[in-house]
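One structure is given below, encoded as C-alpha coordinates.
The values are calculated or read from the model by the stated rules, or taken from the named source; none is laboratory data. Values in this document were obtained by computation on a predicted structure and should not be read as measured data. Counting neighbours? That spans all protein chains shown, and the Cβs are built from the backbone with ideal geometry, glycine included.
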Amino acid sequence: MAFNPELCRNESEVESKLIVQYLLPQLGYTPEAWHQEVAVGSIRLDFLAFAAQVIPFVIDANSPLSVVMEAKHPKQNLNNHVPRLRFYLTKLNVAYGLLTNGKEIRIYQKVDTDIQLIFQCFGKDVETKIRDIRALLGRNSLNEIPLKNNSVTPVAETANVTVPNISNNIFDTTRQNTMKTIAIYHNKGGVGKTTVAINLAAALSQKGKRVLLIDIDSQANSTFATGLVKFQFDEEDDLRDKNVYHILESGDFNFIQDIAQKYQYFNNPEIDIIPSHITLIEYQDKLNKIAASRARLVTKLKRVENNYDIVIIDTPPSRDLYAEVALIAADYLIIPSDLKPFANQGLPTVKSFVRQVNEYREVIGKSPINIIGVLPSKISTNAKFLQHTFPRQRDVISERYDLPLMESVIYDRTALSESMNQVLTVGELEYPDPKSIIKFAELKSSSQVSAEEFNVLAMEVLKKIGVN
Ligand SMILES: Nc1ncnc2c1ncn2[C@@H]1O[C@H](COP(=O)(O)OP(=O)(O)O)[C@@H](O)[C@H]1O
Ligand SMILES: [Mg+2]
(Lines give C-alpha, C1' and ligand atoms only; values in the text may rest on other atoms or scores of the structure.)
(Ligands and ions follow the chains in the order given, each with its own letter.)
Protein backbone atom coordinates (compact mmCIF):
# COMPACT_ATOMS: atom_id res chain seq x y z
CA MET A 1 0.00 0.00 0.00
CA ALA A 2 1.25 3.47 -0.80
CA PHE A 3 2.33 5.71 2.07
CA ASN A 4 -0.48 8.05 3.01
CA PRO A 5 0.34 10.67 5.64
CA GLU A 6 -3.30 11.77 5.61
CA LEU A 7 -3.85 8.80 7.87
CA CYS A 8 -1.69 10.30 10.61
CA ARG A 9 -4.03 10.84 13.53
CA ASN A 10 -2.19 13.33 15.65
CA GLU A 11 0.76 15.67 15.71
CA SER A 12 3.21 13.09 16.96
CA GLU A 13 2.27 10.72 14.16
CA VAL A 14 2.83 13.50 11.63
CA GLU A 15 6.26 13.95 13.23
CA SER A 16 7.19 10.30 13.41
CA LYS A 17 5.58 8.80 10.33
CA LEU A 18 5.77 11.65 7.84
CA ILE A 19 8.82 13.62 8.90
CA VAL A 20 11.15 11.18 10.71
CA GLN A 21 10.39 7.99 8.87
CA TYR A 22 9.64 9.35 5.41
CA LEU A 23 10.68 12.91 4.56
CA LEU A 24 14.04 13.22 6.30
CA PRO A 25 15.47 9.96 4.88
CA GLN A 26 13.94 10.64 1.43
CA LEU A 27 15.57 14.07 1.40
CA GLY A 28 18.96 12.63 2.31
CA TYR A 29 19.17 13.84 5.88
CA THR A 30 20.92 11.15 7.88
CA PRO A 31 20.23 11.08 11.63
CA GLU A 32 23.24 13.23 12.50
CA ALA A 33 22.09 15.92 10.06
CA TRP A 34 18.83 16.71 11.81
CA HIS A 35 17.64 17.54 15.28
CA GLN A 36 14.27 17.30 16.93
CA GLU A 37 12.86 19.80 19.42
CA VAL A 38 15.59 22.34 19.00
CA ALA A 39 15.57 25.19 21.50
CA VAL A 40 17.04 28.45 20.26
CA GLY A 41 16.52 31.09 22.88
CA SER A 42 12.77 31.17 23.41
CA ILE A 43 12.06 29.53 20.05
CA ARG A 44 11.32 25.82 19.93
CA LEU A 45 11.57 24.20 16.54
CA ASP A 46 10.04 20.78 15.86
CA PHE A 47 12.86 19.84 13.48
CA LEU A 48 16.01 21.50 12.18
CA ALA A 49 17.89 19.76 9.38
CA PHE A 50 21.28 20.84 8.05
CA ALA A 51 22.44 20.51 4.47
CA ALA A 52 25.89 21.52 5.62
CA GLN A 53 26.94 20.67 9.11
CA VAL A 54 29.03 23.26 10.88
CA ILE A 55 30.02 22.88 14.48
CA PRO A 56 29.94 24.96 16.52
CA PHE A 57 26.77 26.23 15.00
CA VAL A 58 26.36 29.98 15.00
CA ILE A 59 23.23 31.63 13.78
CA ASP A 60 24.13 34.65 11.75
CA ALA A 61 24.28 35.73 8.13
CA ASN A 62 26.49 32.76 7.37
CA SER A 63 24.27 30.13 8.89
CA PRO A 64 24.78 26.78 7.26
CA LEU A 65 22.01 25.88 4.85
CA SER A 66 19.25 24.50 6.87
CA VAL A 67 15.57 23.61 6.85
CA VAL A 68 13.04 24.02 9.63
CA MET A 69 10.19 21.49 9.65
CA GLU A 70 7.07 22.08 11.68
CA ALA A 71 4.45 19.39 12.26
CA LYS A 72 0.88 20.24 13.22
CA HIS A 73 -2.16 18.26 14.29
CA PRO A 74 -4.21 17.07 11.27
CA LYS A 75 -7.12 19.26 12.39
CA GLN A 76 -4.99 22.41 12.39
CA ASN A 77 -5.34 24.90 9.55
CA LEU A 78 -1.84 25.60 8.25
CA ASN A 79 -2.68 29.24 7.51
CA ASN A 80 -2.70 29.91 11.22
CA HIS A 81 0.89 28.74 11.53
CA VAL A 82 2.43 30.76 8.72
CA PRO A 83 3.20 33.85 10.86
CA ARG A 84 5.14 31.71 13.33
CA LEU A 85 7.12 30.05 10.56
CA ARG A 86 7.90 33.50 9.12
CA PHE A 87 9.20 34.56 12.52
CA TYR A 88 11.38 31.46 12.83
CA LEU A 89 12.90 31.70 9.36
CA THR A 90 13.62 35.41 9.47
CA LYS A 91 14.76 35.49 13.08
CA LEU A 92 17.08 32.53 12.67
CA ASN A 93 18.03 33.31 9.08
CA VAL A 94 17.03 29.86 7.91
CA ALA A 95 16.48 29.50 4.18
CA TYR A 96 13.58 27.04 4.02
CA GLY A 97 10.64 25.94 6.12
CA LEU A 98 8.36 22.95 5.67
CA LEU A 99 4.95 23.09 7.30
CA THR A 100 2.61 20.10 7.41
CA ASN A 101 -0.40 18.66 9.17
CA GLY A 102 -0.20 15.37 7.26
CA LYS A 103 -3.10 16.35 4.99
CA GLU A 104 -1.17 19.13 3.34
CA ILE A 105 2.50 19.88 2.84
CA ARG A 106 3.82 23.38 2.19
CA ILE A 107 7.33 24.68 1.62
CA TYR A 108 8.25 28.30 2.23
CA GLN A 109 11.40 30.14 1.34
CA LYS A 110 12.77 33.11 3.21
CA VAL A 111 12.94 36.25 1.09
CA ASP A 112 14.33 39.21 3.01
CA THR A 113 12.07 39.77 5.97
CA ASP A 114 9.23 37.70 4.59
CA ILE A 115 8.58 34.17 3.44
CA GLN A 116 7.11 32.95 0.17
CA LEU A 117 5.15 29.80 -0.55
CA ILE A 118 7.17 27.90 -3.17
CA PHE A 119 5.52 24.46 -3.07
CA GLN A 120 2.28 22.88 -1.94
CA CYS A 121 0.74 19.41 -2.23
CA PHE A 122 -1.70 17.06 -0.52
CA GLY A 123 -0.23 14.62 1.96
CA LYS A 124 -1.63 11.70 0.02
CA ASP A 125 0.40 12.77 -3.02
CA VAL A 126 3.71 13.01 -1.19
CA GLU A 127 5.18 9.96 -2.88
CA THR A 128 4.48 11.22 -6.37
CA LYS A 129 5.78 14.69 -5.47
CA ILE A 130 8.84 13.58 -3.58
CA ARG A 131 11.18 14.38 -6.49
CA ASP A 132 9.96 18.00 -6.54
CA ILE A 133 10.37 18.24 -2.78
CA ARG A 134 13.84 16.73 -3.04
CA ALA A 135 14.78 19.27 -5.71
CA LEU A 136 13.87 22.07 -3.31
CA LEU A 137 14.94 20.77 0.08
CA GLY A 138 17.08 17.70 -0.56
CA ARG A 139 20.40 17.76 1.18
CA ASN A 140 22.26 17.40 -2.10
CA SER A 141 20.32 20.08 -3.98
CA LEU A 142 20.83 22.58 -1.18
CA ASN A 143 24.54 21.89 -1.18
CA GLU A 144 24.80 22.24 -4.95
CA ILE A 145 23.12 25.62 -5.23
CA PRO A 146 24.27 27.51 -2.20
CA LEU A 147 22.02 30.32 -1.13
CA LYS A 148 19.76 29.94 -4.12
CA ASN A 149 17.76 33.17 -4.37
CA ASN A 150 18.22 33.55 -0.70
CA SER A 151 18.74 37.02 0.62
CA VAL A 152 22.45 37.64 0.46
CA THR A 153 22.12 40.84 2.39
CA PRO A 154 20.93 39.77 5.74
CA VAL A 155 18.53 41.97 7.56
CA ALA A 156 20.36 44.12 10.03
CA GLU A 157 18.36 42.79 12.90
CA THR A 158 19.09 39.18 12.16
CA ALA A 159 22.67 39.67 11.10
CA ASN A 160 24.01 39.62 14.60
CA VAL A 161 21.56 37.50 16.43
CA THR A 162 23.60 36.01 19.16
CA VAL A 163 21.93 33.16 20.83
CA PRO A 164 23.47 32.20 24.13
CA ASN A 165 24.83 28.67 24.23
CA ILE A 166 23.60 27.90 20.77
CA SER A 167 26.31 25.34 20.19
CA ASN A 168 25.37 23.67 23.44
CA ASN A 169 21.73 23.72 22.50
CA ILE A 170 22.41 22.05 19.23
CA PHE A 171 24.77 19.62 20.84
CA ASP A 172 22.26 18.70 23.53
CA THR A 173 19.54 17.96 21.05
CA THR A 174 21.71 15.74 18.88
CA ARG A 175 19.67 12.69 18.24
CA GLN A 176 20.64 9.72 20.32
CA ASN A 177 20.93 6.79 18.04
CA THR A 178 21.70 4.28 20.68
CA MET A 179 18.68 2.33 21.75
CA LYS A 180 18.62 1.83 25.52
CA THR A 181 17.18 -1.30 27.10
CA ILE A 182 15.87 -1.27 30.66
CA ALA A 183 14.83 -4.35 32.65
CA ILE A 184 12.29 -3.93 35.45
CA TYR A 185 13.21 -6.70 37.88
CA HIS A 186 12.83 -7.90 41.47
CA ASN A 187 12.58 -11.53 42.50
CA LYS A 188 9.59 -10.74 44.69
CA GLY A 189 6.14 -10.68 43.10
CA GLY A 190 3.48 -8.05 43.71
CA VAL A 191 5.91 -5.14 44.17
CA GLY A 192 4.64 -3.28 41.11
CA LYS A 193 7.04 -4.43 38.37
CA THR A 194 4.35 -4.81 35.75
CA THR A 195 2.59 -1.60 36.75
CA VAL A 196 5.87 0.29 36.49
CA ALA A 197 6.89 -1.38 33.22
CA ILE A 198 3.72 -0.63 31.28
CA ASN A 199 3.15 2.89 32.58
CA LEU A 200 6.78 3.93 32.28
CA ALA A 201 6.65 2.68 28.69
CA ALA A 202 3.50 4.77 28.13
CA ALA A 203 4.98 7.89 29.71
CA LEU A 204 8.16 7.62 27.61
CA SER A 205 6.09 7.13 24.50
CA GLN A 206 4.10 10.23 25.28
CA LYS A 207 7.36 12.15 25.45
CA GLY A 208 7.98 11.20 21.82
CA LYS A 209 10.26 8.22 22.40
CA ARG A 210 9.86 5.16 20.24
CA VAL A 211 9.19 2.45 22.79
CA LEU A 212 9.19 -1.33 22.66
CA LEU A 213 7.77 -3.21 25.66
CA ILE A 214 8.78 -6.85 26.10
CA ASP A 215 6.82 -9.11 28.44
CA ILE A 216 8.97 -12.07 29.43
CA ASP A 217 6.94 -13.22 32.45
CA SER A 218 4.85 -16.36 31.85
CA GLN A 219 2.08 -14.77 33.94
CA ALA A 220 1.68 -12.40 30.98
CA ASN A 221 0.40 -9.56 33.14
CA SER A 222 1.89 -6.88 30.91
CA THR A 223 0.35 -8.59 27.91
CA PHE A 224 -3.07 -8.39 29.59
CA ALA A 225 -2.51 -4.87 30.85
CA THR A 226 -1.65 -3.56 27.40
CA GLY A 227 -4.78 -5.08 25.90
CA LEU A 228 -3.34 -7.82 23.74
CA VAL A 229 -5.54 -10.51 25.25
CA LYS A 230 -8.71 -9.86 23.31
CA PHE A 231 -9.94 -13.43 23.19
CA GLN A 232 -12.33 -15.07 25.61
CA PHE A 233 -11.81 -18.73 24.74
CA ASP A 234 -8.77 -20.97 24.27
CA GLU A 235 -9.48 -21.67 20.64
CA GLU A 236 -9.31 -17.96 19.84
CA ASP A 237 -5.89 -17.58 21.49
CA ASP A 238 -3.73 -15.86 18.86
CA LEU A 239 -0.76 -15.33 21.18
CA ARG A 240 0.12 -18.98 21.70
CA ASP A 241 2.08 -19.16 18.46
CA LYS A 242 3.39 -15.63 18.45
CA ASN A 243 5.05 -14.53 21.65
CA VAL A 244 8.39 -13.88 23.31
CA TYR A 245 9.20 -17.60 23.42
CA HIS A 246 9.35 -17.61 19.64
CA ILE A 247 12.01 -14.90 19.73
CA LEU A 248 14.19 -17.15 21.92
CA GLU A 249 13.39 -20.38 20.15
CA SER A 250 15.43 -19.72 17.02
CA GLY A 251 18.19 -17.44 15.85
CA ASP A 252 17.15 -17.58 12.23
CA PHE A 253 13.54 -16.51 12.21
CA ASN A 254 10.86 -14.83 14.37
CA PHE A 255 12.49 -11.43 14.64
CA ILE A 256 11.19 -8.58 16.78
CA GLN A 257 9.11 -7.09 13.96
CA ASP A 258 7.48 -10.47 13.27
CA ILE A 259 6.23 -10.81 16.83
CA ALA A 260 5.58 -7.22 17.99
CA GLN A 261 2.00 -6.02 18.24
CA LYS A 262 0.22 -2.88 19.36
CA TYR A 263 -3.10 -2.15 20.96
CA GLN A 264 -4.28 1.27 20.00
CA TYR A 265 -6.53 2.01 22.97
CA PHE A 266 -3.87 1.33 25.59
CA ASN A 267 -1.88 4.45 24.96
CA ASN A 268 -1.50 7.28 22.54
CA PRO A 269 1.02 7.27 20.88
CA GLU A 270 0.98 3.51 20.59
CA ILE A 271 3.85 1.36 21.75
CA ASP A 272 5.09 -1.90 20.27
CA ILE A 273 4.67 -4.91 22.52
CA ILE A 274 6.21 -8.38 22.47
CA PRO A 275 3.60 -10.46 24.29
CA SER A 276 4.17 -13.33 26.68
CA HIS A 277 2.17 -16.49 27.24
CA ILE A 278 1.48 -19.05 29.95
CA THR A 279 3.14 -21.74 27.82
CA LEU A 280 6.54 -20.14 28.52
CA ILE A 281 6.68 -22.35 31.62
CA GLU A 282 6.57 -25.60 29.71
CA TYR A 283 9.15 -24.42 27.15
CA GLN A 284 11.72 -23.41 29.74
CA ASP A 285 13.44 -26.82 29.92
CA LYS A 286 13.76 -26.93 26.18
CA LEU A 287 15.35 -23.48 26.04
CA ASN A 288 17.64 -24.30 28.97
CA LYS A 289 19.25 -27.03 26.86
CA ILE A 290 20.19 -24.57 24.11
CA ALA A 291 22.98 -22.34 25.37
CA ALA A 292 22.46 -19.92 22.47
CA SER A 293 18.91 -19.09 23.55
CA ARG A 294 20.27 -16.88 26.35
CA ALA A 295 21.74 -14.34 23.94
CA ARG A 296 19.12 -14.45 21.20
CA LEU A 297 17.21 -11.49 22.56
CA VAL A 298 20.46 -9.49 22.50
CA THR A 299 21.14 -10.25 18.85
CA LYS A 300 17.55 -9.71 17.76
CA LEU A 301 17.32 -6.38 19.59
CA LYS A 302 20.51 -5.29 17.82
CA ARG A 303 18.70 -5.61 14.50
CA VAL A 304 16.04 -3.09 15.53
CA GLU A 305 18.32 -0.60 17.29
CA ASN A 306 17.37 2.11 14.80
CA ASN A 307 13.65 1.49 15.23
CA TYR A 308 13.36 2.20 18.95
CA ASP A 309 14.77 4.66 21.44
CA ILE A 310 13.90 2.67 24.53
CA VAL A 311 13.08 -0.96 25.25
CA ILE A 312 11.42 -1.87 28.55
CA ILE A 313 11.42 -5.50 29.70
CA ASP A 314 8.92 -6.72 32.30
CA THR A 315 10.32 -9.77 34.07
CA PRO A 316 9.11 -12.72 36.17
CA PRO A 317 9.50 -12.65 39.95
CA SER A 318 12.09 -15.42 39.95
CA ARG A 319 15.68 -16.27 39.09
CA ASP A 320 14.72 -18.39 36.13
CA LEU A 321 15.97 -18.49 32.55
CA TYR A 322 13.57 -15.78 31.43
CA ALA A 323 14.76 -13.36 34.09
CA GLU A 324 18.31 -14.17 33.05
CA VAL A 325 17.54 -13.51 29.37
CA ALA A 326 16.09 -10.12 30.35
CA LEU A 327 19.07 -9.08 32.45
CA ILE A 328 21.49 -10.24 29.77
CA ALA A 329 19.73 -8.10 27.16
CA ALA A 330 19.32 -4.98 29.30
CA ASP A 331 21.70 -2.05 29.60
CA TYR A 332 19.97 -0.80 32.74
CA LEU A 333 18.07 -2.21 35.69
CA ILE A 334 15.26 -0.70 37.75
CA ILE A 335 14.25 -2.61 40.89
CA PRO A 336 10.71 -1.65 41.99
CA SER A 337 10.11 -2.31 45.67
CA ASP A 338 7.47 -1.52 48.26
CA LEU A 339 10.45 -1.21 50.68
CA LYS A 340 8.80 -3.62 53.13
CA PRO A 341 10.87 -6.31 54.93
CA PHE A 342 10.10 -9.19 52.53
CA ALA A 343 10.99 -7.14 49.49
CA ASN A 344 14.16 -5.94 51.21
CA GLN A 345 15.18 -9.44 52.09
CA GLY A 346 15.04 -10.30 48.40
CA LEU A 347 17.57 -7.58 47.53
CA PRO A 348 20.72 -9.60 48.33
CA THR A 349 19.36 -12.27 45.96
CA VAL A 350 18.85 -9.63 43.26
CA LYS A 351 22.45 -8.54 43.76
CA SER A 352 23.89 -12.03 43.53
CA PHE A 353 21.78 -12.71 40.44
CA VAL A 354 23.16 -9.53 38.86
CA ARG A 355 26.71 -10.71 39.61
CA GLN A 356 25.99 -14.06 37.97
CA VAL A 357 24.46 -12.38 34.91
CA ASN A 358 27.44 -10.02 34.68
CA GLU A 359 29.79 -13.01 34.36
CA TYR A 360 27.82 -14.21 31.36
CA ARG A 361 27.72 -10.70 29.92
CA GLU A 362 31.50 -10.54 30.10
CA VAL A 363 31.71 -13.76 28.07
CA ILE A 364 29.59 -12.25 25.31
CA GLY A 365 31.45 -8.95 25.43
CA LYS A 366 28.83 -6.83 27.23
CA SER A 367 29.72 -4.50 30.07
CA PRO A 368 28.08 -5.11 33.48
CA ILE A 369 24.43 -4.07 33.77
CA ASN A 370 23.98 -0.55 35.05
CA ILE A 371 21.70 -0.46 38.11
CA ILE A 372 19.62 2.73 37.95
CA GLY A 373 18.30 1.94 41.40
CA VAL A 374 15.57 0.71 43.68
CA LEU A 375 12.31 2.47 42.82
CA PRO A 376 9.93 2.96 45.76
CA SER A 377 6.60 1.64 44.50
CA LYS A 378 3.09 1.12 45.95
CA ILE A 379 4.04 3.61 48.65
CA SER A 380 1.24 4.56 51.06
CA THR A 381 0.12 8.19 50.94
CA ASN A 382 -0.64 8.21 54.67
CA ALA A 383 0.86 11.40 56.08
CA LYS A 384 2.23 9.85 59.28
CA PHE A 385 3.80 7.02 57.33
CA LEU A 386 5.41 9.43 54.91
CA GLN A 387 6.75 11.54 57.72
CA HIS A 388 8.16 8.85 60.00
CA THR A 389 8.51 5.47 58.36
CA PHE A 390 9.19 6.19 54.68
CA PRO A 391 12.42 8.18 55.21
CA ARG A 392 13.83 5.34 57.33
CA GLN A 393 12.82 2.77 54.72
CA ARG A 394 14.63 4.76 52.06
CA ASP A 395 17.82 5.10 54.07
CA VAL A 396 18.02 1.36 54.58
CA ILE A 397 18.36 0.75 50.85
CA SER A 398 21.72 2.44 50.58
CA GLU A 399 22.91 1.80 54.12
CA ARG A 400 22.14 -1.87 54.49
CA TYR A 401 21.77 -3.09 50.91
CA ASP A 402 24.27 -0.79 49.25
CA LEU A 403 22.01 -0.11 46.27
CA PRO A 404 21.23 3.25 44.65
CA LEU A 405 17.77 4.63 45.39
CA MET A 406 15.74 6.42 42.73
CA GLU A 407 14.37 9.89 43.46
CA SER A 408 10.94 9.25 41.95
CA VAL A 409 8.24 7.59 44.02
CA ILE A 410 5.27 5.61 42.71
CA TYR A 411 2.55 5.94 45.32
CA ASP A 412 -0.24 3.47 46.01
CA ARG A 413 -3.08 4.79 43.81
CA THR A 414 -6.31 2.96 43.07
CA ALA A 415 -6.31 4.57 39.63
CA LEU A 416 -3.42 2.28 38.67
CA SER A 417 -5.36 -0.94 39.12
CA GLU A 418 -8.54 0.70 37.82
CA SER A 419 -6.88 1.78 34.56
CA MET A 420 -5.59 -1.75 33.98
CA ASN A 421 -8.96 -3.34 34.71
CA GLN A 422 -11.20 -1.40 32.36
CA VAL A 423 -13.64 -3.60 30.47
CA LEU A 424 -15.72 -3.22 27.37
CA THR A 425 -19.10 -4.93 27.33
CA VAL A 426 -20.29 -6.22 23.98
CA GLY A 427 -23.65 -7.96 24.27
CA GLU A 428 -23.20 -10.69 26.85
CA LEU A 429 -19.43 -10.65 26.74
CA GLU A 430 -16.97 -8.51 28.61
CA TYR A 431 -13.65 -7.79 26.96
CA PRO A 432 -10.62 -6.39 28.72
CA ASP A 433 -10.08 -2.79 27.65
CA PRO A 434 -7.06 -1.65 29.68
CA LYS A 435 -5.52 1.81 29.49
CA SER A 436 -2.18 3.20 30.53
CA ILE A 437 -2.42 5.63 33.42
CA ILE A 438 -1.43 8.37 30.97
CA LYS A 439 -4.40 7.62 28.72
CA PHE A 440 -6.72 6.96 31.66
CA ALA A 441 -5.91 10.37 33.15
CA GLU A 442 -7.30 12.00 30.00
CA LEU A 443 -10.64 10.34 30.75
CA LYS A 444 -10.64 10.66 34.51
CA SER A 445 -9.06 13.74 35.96
CA SER A 446 -8.60 12.30 39.46
CA SER A 447 -5.99 9.97 37.92
CA GLN A 448 -3.78 12.85 36.89
CA VAL A 449 -1.68 12.76 40.05
CA SER A 450 -0.68 9.22 39.32
CA ALA A 451 0.01 9.95 35.64
CA GLU A 452 2.19 12.86 36.73
CA GLU A 453 4.18 10.55 39.01
CA PHE A 454 4.97 8.43 35.97
CA ASN A 455 5.97 11.52 34.02
CA VAL A 456 8.41 12.41 36.74
CA LEU A 457 9.74 8.85 36.68
CA ALA A 458 10.13 8.98 32.89
CA MET A 459 12.14 12.20 33.21
CA GLU A 460 14.41 10.73 35.86
CA VAL A 461 14.96 7.63 33.73
CA LEU A 462 15.79 9.68 30.62
CA LYS A 463 18.26 11.73 32.61
CA LYS A 464 19.93 8.69 34.13
CA ILE A 465 20.29 6.84 30.83
CA GLY A 466 21.55 9.96 29.10
CA VAL A 467 18.73 10.40 26.58
CA ASN A 468 17.32 13.86 25.88
N1 LIG B 1 1.43 1.96 42.76
C2 LIG B 1 0.37 1.13 42.88
N3 LIG B 1 -0.79 1.55 43.41
C4 LIG B 1 -1.85 0.72 43.53
N5 LIG B 1 -1.85 -0.55 43.14
C6 LIG B 1 -0.73 -1.05 42.61
C7 LIG B 1 0.43 -0.24 42.43
N8 LIG B 1 1.40 -1.00 41.85
C9 LIG B 1 0.86 -2.22 41.68
N10 LIG B 1 -0.41 -2.27 42.15
C11 LIG B 1 -1.30 -3.43 42.16
O12 LIG B 1 -0.62 -4.47 42.86
C13 LIG B 1 -0.76 -5.71 42.20
C14 LIG B 1 0.62 -6.24 41.83
O15 LIG B 1 1.23 -5.31 40.98
P16 LIG B 1 2.12 -5.76 39.74
O17 LIG B 1 2.52 -4.51 39.01
O18 LIG B 1 1.44 -6.81 38.95
O19 LIG B 1 3.39 -6.37 40.49
P20 LIG B 1 4.50 -7.41 39.99
O21 LIG B 1 4.61 -7.29 38.52
O22 LIG B 1 5.74 -7.00 40.71
O23 LIG B 1 4.04 -8.76 40.41
C24 LIG B 1 -1.65 -5.45 41.00
O25 LIG B 1 -2.96 -5.78 41.35
C26 LIG B 1 -1.53 -3.95 40.76
O27 LIG B 1 -2.71 -3.42 40.22
MG1 LIG C 1 4.47 -8.69 36.98
Practice task
Test S205 against the criterion of being away from ligand 2 (no atom under 16 Å from the Cβ) and among the polar types (S, T, N, Q), and give yes or no.
Solution key: yes
Exercise for the section: For the stretch 89-98, state whether one or more residues are modelled with pLDDT under 90, in a helix (DSSP H, G or I), out of contact with any helix residue (DSSP H, G or I) (no Cβ under 8 Å at 6 or more places or on another chain) and at negative phi. Expected result: yes
Exercise for the section: Return yes or no: is R303 more than 24 Å from S218 (Cα to Cα) and in the same structural domain as F440 (by TED's automatic domain parsing)? Expected result: yes
Handout entry: Residue match in the stretch 190-208 (condition: buried (at least 22 other Cβ atoms within 10 Å of the Cβ) and touching a His at 6+ places or on another chain (Cβ under 7 Å))
Key = yes
Practice task
Any residue in the stretch 22-50 that's closer than 20 Å to I105 by Cβ: show its pairings with residues that are part of a helix (DSSP H, G or I) and among the aromatic types (F, W, Y) at Cβ separation under 8 Å, as long as the two are six or more apart or on different chains.
Solution key: L45/Y88
Exercise for the section: Check the stretch 411-418 and report whether any residue there is within 30 Å of Q232 (Cβ to Cβ), within 16 Å of ligand 2 (Cβ to nearest atom) and surrounded by fewer than 19 Cβ atoms within 10 Å (Cβ to Cβ). Expected result: yes
Practice task
Scan the stretch 378-393 and give yes if some residue there is touching a strand residue (DSSP E or B) at 6+ places or on another chain (Cβ under 9 Å), of a type outside the set (F, W, Y), assigned to a strand (DSSP E or B) and away from ligand 2 (no atom under 16 Å from the Cβ), otherwise no.
Solution key: yes
Handout entry: Selected residue (criterion: farthest from ligand 1 (Cβ to nearest atom)) from residues of the stretch 302-332 that are among the aliphatic types (A, V, I, L, M) and under 21 Å from K207 (Cβ atoms)
Key = V304
Exercise for the section: Show the residue pairs that are 6+ apart or on different chains and have beta-carbon atoms under 9 Å apart, the first residue being within the stretch 386-407 and assigned by TED's automatic domain parsing to the domain that holds K351, the second being of a type in the set (K, R). Expected result: Q393/K340; Y401/K351; D402/K351; L403/K351; L405/R394; M406/K464
Exercise for the section: Report yes if T349 is out of contact with any strand residue (DSSP E or B) (no Cβ under 7 Å at 6 or more places or on another chain), of a type in the set (S, T, N, Q) and in contact (Cβ under 8 Å) with a residue 12 or more places away in the chain, otherwise no. Expected result: yes
Practice task
Could you tell me which of the residues K435, K439 is part of a loop (DSSP other than H, G, I, E, B), surrounded by 11 or more Cβ atoms within 10 Å (Cβ to Cβ) and either at pLDDT below 95 or among the charged types (D, E, K, R) (or both)?
Solution key: K435
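Yes or no, residue by residue, for (1) in a strand (DSSP E or B); (2) modelled with pLDDT of 90 or more:
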{"site": "R44", "(1), (2)": "yes, no"}
{"site": "L48", "(1), (2)": "yes, no"}
{"site": "I55", "(1), (2)": "no, no"}
{"site": "I59", "(1), (2)": "no, no"}
{"site": "S63", "(1), (2)": "no, no"}
{"site": "V68", "(1), (2)": "yes, yes"}
{"site": "H73", "(1), (2)": "no, yes"}
Practice task
Name the one entry in N187, N243, N199 that is within 27 Å of V14 (Cα to Cα), within 16 Å of ligand 2 (Cβ to nearest atom) and not small (G, A, S).
Solution key: N199
Practice task
Could you list all residues from the stretch 289-298 that are at pLDDT 95 or above and either surrounded by fewer than 18 Cβ atoms within 10 Å (Cβ to Cβ) or in contact with a Lys or Arg (Cβ under 6 Å, 6 or more places away or on another chain) (or both)?
Solution key: V298
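Answer yes or no: is there a residue in the stretch 164-179 that is at pLDDT 95 or above and not β-branched (V, I, T).
Yes, there is a match, as at least one residue in the stretch 164-179 is at pLDDT 95 or above and not β-branched (V, I, T).
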Exercise for the section: Evaluate the stretch 124-141: report whether one residue or more is modelled with pLDDT under 90 and either surrounded by fewer than 19 Cβ atoms within 10 Å (Cβ to Cβ) or farther than 16 Å from I19 by Cβ (or both). Expected result: yes
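For the stretch 298-337, give me each residue that is farther than 25 Å from T178 by Cα, touching a helix residue (DSSP H, G or I) at 6+ places or on another chain (Cβ under 9 Å) and within 16 Å of ligand 2 (Cβ to nearest atom).
If the condition is that a residue be farther than 25 Å from T178 by Cα, touching a helix residue (DSSP H, G or I) at 6+ places or on another chain (Cβ under 9 Å) and within 16 Å of ligand 2 (Cβ to nearest atom), then P316, P317, R319, D320, S337 are the ones that fit.
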Handout entry: Those residues of the stretch 229-252 which are within 16 Å of ligand 1 (Cβ to nearest atom) and within 21 Å of E418 (Cα to Cα), in sequence order
Key = V229
